[in-house]
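The values are calculated or read from the model by the stated rules, or taken from the named source; none is laboratory data. Please read these numbers as outputs of a predicted model, since none were measured by experiment. A quick note on method: Cβ atoms are made from the backbone with ideal geometry, for glycine too, and the neighbour counts reach across all protein chains shown. Protein only, heavy atoms only, side chains kept; ligands, DNA and RNA dropped before computing areas. Shrake-Rupley method; radii C 1.70, N 1.55, O 1.52, S 1.80 Å.
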Protein chains: 4
Amino acid sequence: MAHDALKEAVWQANLDIVAAGLVELTWGNVSGVDREAGIMVIKPSGVAYDRLIAEDMVVLDLETGAVLGHGLRPSSDTPTHRYLYQQFEDIEGIVHTHSSHAVSWAQAGCEIPCLGTTHADHFYGTIPVTRPMQAEEIHEAYEYNTGVVIVERFREDGVDPVQIPGVLVAGHGPFAWGTTVQKAVENAIVLESVARMAMHTYLLNPSATPIDQVLLDKHFLRKHGPGAYYGQQATKEQT
Amino acid sequence: MAHDALKEAVWQANLDIVAAGLVELTWGNVSGVDREAGIMVIKPSGVAYDRLIAEDMVVLDLETGAVLGHGLRPSSDTPTHRYLYQQFEDIEGIVHTHSSHAVSWAQAGCEIPCLGTTHADHFYGTIPVTRPMQAEEIHEAYEYNTGVVIVERFREDGVDPVQIPGVLVAGHGPFAWGTTVQKAVENAIVLESVARMAMHTYLLNPSATPIDQVLLDKHFLRKHGPGAYYGQQATKEQT
Amino acid sequence: MAHDALKEAVWQANLDIVAAGLVELTWGNVSGVDREAGIMVIKPSGVAYDRLIAEDMVVLDLETGAVLGHGLRPSSDTPTHRYLYQQFEDIEGIVHTHSSHAVSWAQAGCEIPCLGTTHADHFYGTIPVTRPMQAEEIHEAYEYNTGVVIVERFREDGVDPVQIPGVLVAGHGPFAWGTTVQKAVENAIVLESVARMAMHTYLLNPSATPIDQVLLDKHFLRKHGPGAYYGQQATKEQT
Amino acid sequence: MAHDALKEAVWQANLDIVAAGLVELTWGNVSGVDREAGIMVIKPSGVAYDRLIAEDMVVLDLETGAVLGHGLRPSSDTPTHRYLYQQFEDIEGIVHTHSSHAVSWAQAGCEIPCLGTTHADHFYGTIPVTRPMQAEEIHEAYEYNTGVVIVERFREDGVDPVQIPGVLVAGHGPFAWGTTVQKAVENAIVLESVARMAMHTYLLNPSATPIDQVLLDKHFLRKHGPGAYYGQQATKEQT
């Protein structure tokens with residue numbers, strides 16, 4: 001993908017998260033990656049969404065983090081995005097927001113169990129929460145270390161970031177990602193929606209339990225992987 | 001009704017559930033039936049609402065489930081809709097959404113008692129929740145079996161689906177229906193609204209109780225059945 | 001006020017409650033009264049808001065309840081409105097909605113204490129809830145008796161309906177009113193807002209207490225009555 | 001800043017708080033100050049937002065409180081604003097709203113602890129709540145004394161109003177401020193958002209705790225003060 005096309009896609013995705021109601025003020029950023037070209041593209045820091053143009057998107061060298069081209073500063077969360085791209089090799093888009101219900105779960109320090117099929121259609125199980133960061137991780141290279149605690153959380157349980165395309169950073173908020181920039185946006189929308197529904201579920205029934213593994217398998221796998229039969233690109237006949 | 005008119009009505013209803021705020025992403029589908037012609041019409045699978053045109057609606061043979069005409073795949077929930085039409089002979093429209101509060105009740109595994117007249121105006125008593133589906137029902141013909149557990153739930157208590165035009169599928173979400181496609185949409189809107197109000201009612205007063213049967217009768221029957229006197233088509237004088 | 005001007009004002013007020021987010025589907029109605037002419041004007045029954053025109057408003061004889069002029073049926077809640085106008089002589093507009101949070105309080109069967117100055121600016125104390133209606137009151141002249149239990153609730157505590165311009169009908173929802181049609185709409189908006197804030201207040205602090213009488217006096221009386229100094233029509237100098 | 005420019009900025013800010021969803025009816029007002037010229041500008045009392053024009057903004061002498069120029073009455077909350085400007089010498093804009101969740105915290109009489117980084121990015125610690133006002137403070141110069149209890153609350157704990165740019169007045173609602181009118185609006189938006197998230201956090205986890213001081217320092221100081229590196233006006237290189 002040419003730089004300009006990626007900048008356009010990332011710019012559009014930044015507008016999409018606003019339109020989806022995930023963003024207040026300038027709290028949010030989307031990035032995309034072109035692994036072949038070795039670059040990533042991200043929203044500039046602290047620019048109001050209604051003044052944002054595609055040209056403003058910042059291009060960086062994925063390996064060194066150096067800004068290529070014009071002089072706008074990239075989002076202050078860039079080191080988190082870059083570390084995630086480096087460690088999660090199958091993702092090509094990342095979305096960070098402070099969407100209201102996902103932040104509430106992150107502030108509560110609680111992971112979101114899979115309580116229903118809306119969740120299961122997009123996240124193959126519990127959405128994890130990171131451990132709190134330690135003083136030295138916060139003092140030095142804070143945004144980079146935010147990436148580190150996310151990746152640590154996935155590695156320690158052997159979770160596949162393509163199957164669980166999002167996380168809650170404790171005391172902070174959600175990061176979501178996907179195999180394309182558009183799918184990252186979709187997963188960020190789902191994460192907020194699932195967070196709201198799960199909160200209400202527990203208010204209605206504090207003893208609510210996750211759905212059975214077989215139902216989780218059914219929903220996730222009918223939309224993802226070789227046996228998928230949802231949408232218009234399917235390869236199997238429908239009953 | 002000609003196929004084209006039914007496709008138009010079903011297309012419009014699919015847009016109506018979006019406008020009513022019941023839908024995120026592509027989570028929702030509406031169908032309609034022409035019992036005389038032996039066909040049903042439903043939204044195609046996984047198509048974005050803003051690109052949907054009436055022509056995209058998929059026509060199926062109600063008895064065999066075979067797609068008639070063009071090649072778009074019907075919603076993956078089609079077997080559920082078809083089974084409901086076959087078993088509930090008086091309904092002509094069905095709406096499935098993942099509307100937020102109704103899903104929360106479904107995830108909580110709780111039925112919604114009739115706590116007030118808003119509910120009583122449209123649902124003649126408790127809105128039921130299905131039992132969880134068993135592994136074999138999920139593995140094989142999952143969407144068909146979703147219909148089976150819904151119908152089972154109504155049959156076991158002798159509930160009339162015209163008087164209770166909706167249900168919560170446990171761990172999943174709401175299905176609503178009606179004697180026309182438009183009424184199915186209206187009942188889906190009411191179900192979400194009633195779900196939100198009932199949640200808040202219990203937050204305010206965990207001991208809240210259903211309204212008396214006489215008030216339930218009054219409200220449901222002043223809008224439905226031979227003695228109705230609400231709206232402009234009434235046959236009785238108003239006091 | 002000429003009939004046409006009152007019909008226009010009532011029609012506008014019916015649109016205003018939709019714009020204010022108090023209405024779903026056709027659940028709501030506004031009326032106004034011209035006491036000198038002995039008439040009241042109310043929304044027709046069950047007509048969709050987006051098709052409503054001023055001409056559709058129904059004019060009735062305030063004393064007999066007879067419809068004057070064209071043939072649309074008045075709202076089924078007309079007998080409630082008419083009884084309130086007859087008993088509460090200082091009100092000239094009434095609004096009935098099923099606004100979400102006010103309904104939740106009505107379903108919970110709980111009155112809304114005055115927890116803050118937003119409430120105190122418009123309602124001079126607790127917003128009462130009626131007793132549940134009895135079977136015979138529901139069977140016969142239900143809508144009329146809805147008015148009866150409202151008035152009974154105000155009379156038994158000697159509450160002035162101008163100082164407390166609204167009520168919750170148990171298991172049903174809110175009625176609000178005012179000395180003009182516009183003020184009735186404003187009070188309906190405030191009632192919903194106050195209901196939402198009060199619910200959240202108790203979720204945050206189950207031991208929250210009403211504000212002191214002196215603060216209630218200050219806020220209500222700086223906007224209402226002879227010493228008012230809020231807005232542009234005041235008669236006193238501001239400090 | 002010329003009077004006209006300040007009137008324009010204050011008028012725009014009054015519209016901005018409506019657009020941000022912080023205002024119902026006329027419940028809200030924004031003011032700005034020109035300390036060199038010794039004047040403050042504030043919204044007139046009780047004027048509907050959709051009829052407001054820049055020219056309507058009221059100019060007052062900051063020291064005496066006398067209205068300069070045309071005859072519209074200033075907001076009834078003017079004495080609160082004026083006292084805050086006199087006591088908090090580094091602020092140049094003030095916003096008062098009855099935004100729903102902030103009011104709920106004020107009615108609950110609870111301060112809002114810093115539960116996450118959204119809060120920490122804008123408020124350097126707990127958002128305080130005032131003590132209830134006493135009868136004599138309410139009877140005489142109520143709005144002035146509202147300012148007094150706010151300032152008292154900051155002084156008693158040695159809180160810097162630039163670092164904590166907002167407060168909850170017990171039983172009433174939020175005041176927010178900033179070093180510019182625009183920043184005051186931004187802080188009012190953040191205060192409402194943080195209030196909603198904090199409420200949901202406690203509903204999810206009643207034992208949720210504030211974030212560590214080191215994380216609070218990191219977030220507040222990366223956006224404020226000499227070491228800031230957020231946005232496009234930074235003076236340091238980004239890692």
Item to check | Residues along the range A:35-82 losing 50 Å² or more of accessible surface when the other protein chains are present rather than the chain by itself (probe 1.4 Å) | outcome: A:Ser45, A:Arg73, A:Ser76
Checklist outcome for this item: at D:Gln213 the sorted inter-copy label distances (label 7 Å from Cα on Cβ side), in nanometres, are 4.7, 4.7, 6.6
Item to check | A from D by rotation - nearest chain D beta carbon to the axis, in Å | outcome: D:Leu203, 5
Next on the checklist: Return the Rg/Rh ratio of the range D:80-174 with Cα-based radii and a Kirkwood Rh.
Outcome noted: 0.94
Next on the checklist: Give the separation of the Cα centroids, the range A:104-141 to the range C:74-139, in Å.
Outcome noted: 44
Item to check | Nonlocal amide H pairs with C:Thr180, under 5 Å, H built at 1.01 Å | outcome: C:Glu92, C:Gly93
Checklist entry - Taking the alpha-carbon centroid of each part, what is the distance from the range D:1-40 to the range D:186-209 in angstrom? => result 26
Checklist entry - Which percent, nearest 5, of DSSP beta bridges in the protein assembly as shown are antiparallel? => result 95
Checklist entry - Can you give the Rg and Dmax of the range C:1-117 based on its C-alpha atoms, in angstrom? => result 14.7, 46
Checklist outcome for this item: Length-normalised contact order of the range A:108-212, Cα under 8 Å, at least 6 apart, in percent, tallies to 30
Checklist entry - How far is B:Glu140 from the same spot in each other copy, in nm, shortest first, if each label point sits 7 Å from Cα toward Cβ? => result 6.2, 6.2, 8.7
Checklist entry - Leaving out ligands, DNA and RNA, what percent of the accessible area of the range C:149-209 is carbon and sulfur, probe 1.4 Å? => result 48
Next on the checklist: Set the bar at 25 Å for Cα to Cα. Now go through D:Lys43/D:Lys183; C:Lys218/D:Lys7; C:Lys183/C:Lys218; A:Lys183/A:Lys218; C:Lys223/D:Lys43 and name every pair that lies beyond it.
Outcome noted: C:Lys218/D:Lys7
Checklist outcome for this item: Taking a crude spin-label model, label points 7 Å out from Cα along the C-beta direction, the B:Asn205 to D:Gln134 distance in nm is 4.0
Next on the checklist: Using a 1.4 Å probe on the protein heavy atoms, what percent of the accessible area of the range C:1-104 belongs to carbon and sulfur?
Outcome noted: 48
Checklist outcome for this item: Relative contact order of chain B (C-alpha contacts under 8 Å, at least 6 apart) in percent is 20
Checklist entry - Over all Cα pairs of the protein assembly as shown, how is the pair count split among 20 Å bins, expressed in % and running from 0 up to the last occupied bin? => result 13, 41, 37, 9, 0
Next on the checklist: Starting from the Kirkwood Rh over alpha-carbon pairs, what translational D in µm² s⁻¹ does the range A:3-221 have by Stokes-Einstein at 25 °C and 0.890 mPa s?
Outcome noted: 141
Checklist entry - Relative contact order (percent) for the range B:6-91, with alpha-carbon contacts under 8 angstrom and 6 or more residues of separation? => result 27
Next on the checklist: Suppose we flag GluC sites (Glu not before Pro) only when DSSP calls them loop and at most 13 other Cβ atoms lie within 10 Å. Which is the longest uninterrupted stretch of chain C?
Outcome noted: C:141-236
Checklist outcome for this item: With every protein chain in place, the accessible area of C:Cys114 for a 1.4 Å probe, in Å² rounded to the nearest 10, comes to 10
Checklist entry - Using helices alone, what [θ] at 222 nm do you get for chain B, with -39,500 (n - 2.57) per DSSP H run of 4 or more residues, divided over all residues and rounded to the nearest 500? => result -12500 deg cm²/dmol
Item to check | In the D-C interface, the accessible area buried, summed over both sides, Å² (probe 1.4 Å) | outcome: 3000
Item to check | Per residue accessible area in Å² of the protein assembly as shown, where ligands, DNA and RNA are left out and the probe is 1.4 Å | outcome: 38
Checklist outcome for this item: With every protein chain in place, the accessible area of C:Asp16 for a 1.4 Å probe, in Å² rounded to the nearest 10, comes to 60
Checklist outcome for this item: Given backbone amide H placed at 1.01 Å from N, residues whose amide H is under 5 Å from that of B:Ile39, ignoring those fewer than 5 places away on the same chain, are B:Asp34, B:Leu62
Checklist outcome for this item: Per-residue accessible area, 1.4 Å probe, largest first, puts B:Asp212, D:Asp160, B:Asp217 in the order B:Asp212, D:Asp160, B:Asp217
Checklist outcome for this item: Taking the range A:149-216, the whole-percent share of alpha-carbon pairs separated by over 21 angstrom is 36
Next on the checklist: Distances in nm, one decimal, shortest first, from C:Asp4 to the same residue in every other copy, taking the label point 7 angstrom along Cα→Cβ.
Outcome noted: 4.3, 4.3, 6.1
